[in-house]
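Throughout, read-outs are computed from the coordinates displayed, never taken from laboratory work. Note that this is a predicted model, so its numbers are computed, not measured. A quick note on method: Cβ atoms are made from the backbone with ideal geometry, for glycine too, and the neighbour counts reach across all protein chains shown.
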Amino acid sequence: MPFSAPGAVRAVNRPLALFLGLRYLRASKGNSFSSFVTVASVIGVALGVATLIVVLSVMNGFEIELRDRLLGMTAHASVLGRQGGVDDWKEVADHMQAGGEISGAAPYIELEGMISGPAGYSGAVITGIDPQRERTVSKVADNMLTGDLDDLQPGSGKIVLGRALAQRLGVGVGQRISLLVPQPLGTAGIGSRLGSFTVAGLFELGVQDHDTVRALISISDANELGQMAGKVSGIRIVTNDIFAAPETVRQQLAGRGNSDSLRVRDWTQENSSYFRAIRIEKLMMALLLSLIIGVAAFNIVAGLVMVVTEKRSGIAILRTMGCSRRDIVKVFVLQGTLVGWIGAVIGIVLGIAMTLNIDTLAPALERTMGFQFMPADLYYLTELPSDLRTSDVFWVGVVVLVLTSLATVYPSLRAAAVQPAEVLRYE
């Protein structure tokens, strides 16, 4: 009969580990400080997870907002000529739109020049467009502050400027400006062509690269000004799926005969530096905010070490009753893992709730703290955008659970190393 007790302990191995793990989480008269450390660990994990989810969602929102604003002028892809411009652009545009995945195709002529206004000179990118086709590939018409894009008719001598460019030149609607465009003269060098235009409208896309340098004129006027001889610089393409655009446009162009003289440049190539910067910033923010979770994991280690120290006699008694080292490890791994999981669940729920209500929480914080997160005079965006992604929540949860589980390894091994004979010698 003396060996019946160990068998009984092993028979209830899992319930015993669960019972002891939950019991050690509760406060008692003699271990209030270790209980405080445990609560602090749960709060730390929850705050770290919630903050990480909110920040990643806001960064996702910024990425989407920036992408939409950048593509408001440049579309999803462009078909360009390998040697100069595209001469048969109407046939190419019709062929591209014949595919069901392409919703718009518009020609454009892009010239670099100098614009003169009452306030001085400014470099500019002059873009010749077809107003009707342009509406299918860009958002300029939807972002007109004054005037109408349809005013850019052939021979009208009208021009539409970005708001920031108009401010730099000191001009408004109805005023005339002078436009100077370089003109290659073959072996004779470079000359220039001068044109006079009337400001017909102002637009604002919310992107410095467009609003400060972009000017729009009729594609017919641009053809004459740039001596393009009927050619265009390229054809902008918009697809039904922005992420499939690079492959879709190339496949559609490949189906056209004699397409070797044309090439495709998509939105990922046009704006690669912007999106690379956002991805790097998002990664760095995630790593920095993960330090909060790291601190909480160290709190779990400290809390478990304190519990092991307080429960040395109890651990020794369990060992004498037949619990193996593995049984003791399970008890403390379970306790620490529960702390991490409770904190992770609370943090995920809190983070999702905050992200879904960011449009309400941000103004409330601004009123309470007396400042604006995004002042209108510094940023084009006046509110925090957010995009909650299931993949972000999943990976944050996985990382937190792994970190908090690893934090239990050292305390659990230390508990398993307790020698019953040494502990109970003077009991």
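Here the residues I102, I235, ranked from fewest to most Cβ neighbours within 10 Å of their Cβ, fall in the order I102, I235. Building the convex hull from the alpha-carbon atoms of region 84-260 and averaging its projection over directions returns 10.9 nm².
So which trypsin sites (Lys or Arg not before Pro) in region 48-98 are both in a DSSP loop and have at most 16 other Cβ atoms within 10 Å of their Cβ?
Numbers: sites: R67, R69, R82, K90; in loops: R82.
Here the trypsin sites (Lys or Arg not before Pro) that fit, given the DSSP loop and packing criteria, are R82.
Scalar couplings 3J(HN,Hα) for region 347-359, obtained by applying the Karplus form with A = 6.51, B = -1.76, C = 1.60 to θ = phi - 60°, are x, 5, 4, 5, x, 5, 4, 5, 5, 5, 10, 5, 5 Hz; x denotes Gly and Pro. With bins 5 Å wide beginning at 0, the percent of Cα pairs of region 90-154 falling in each bin runs 3, 14, 18, 20, 20, 12, 6, 3, 2, 1.
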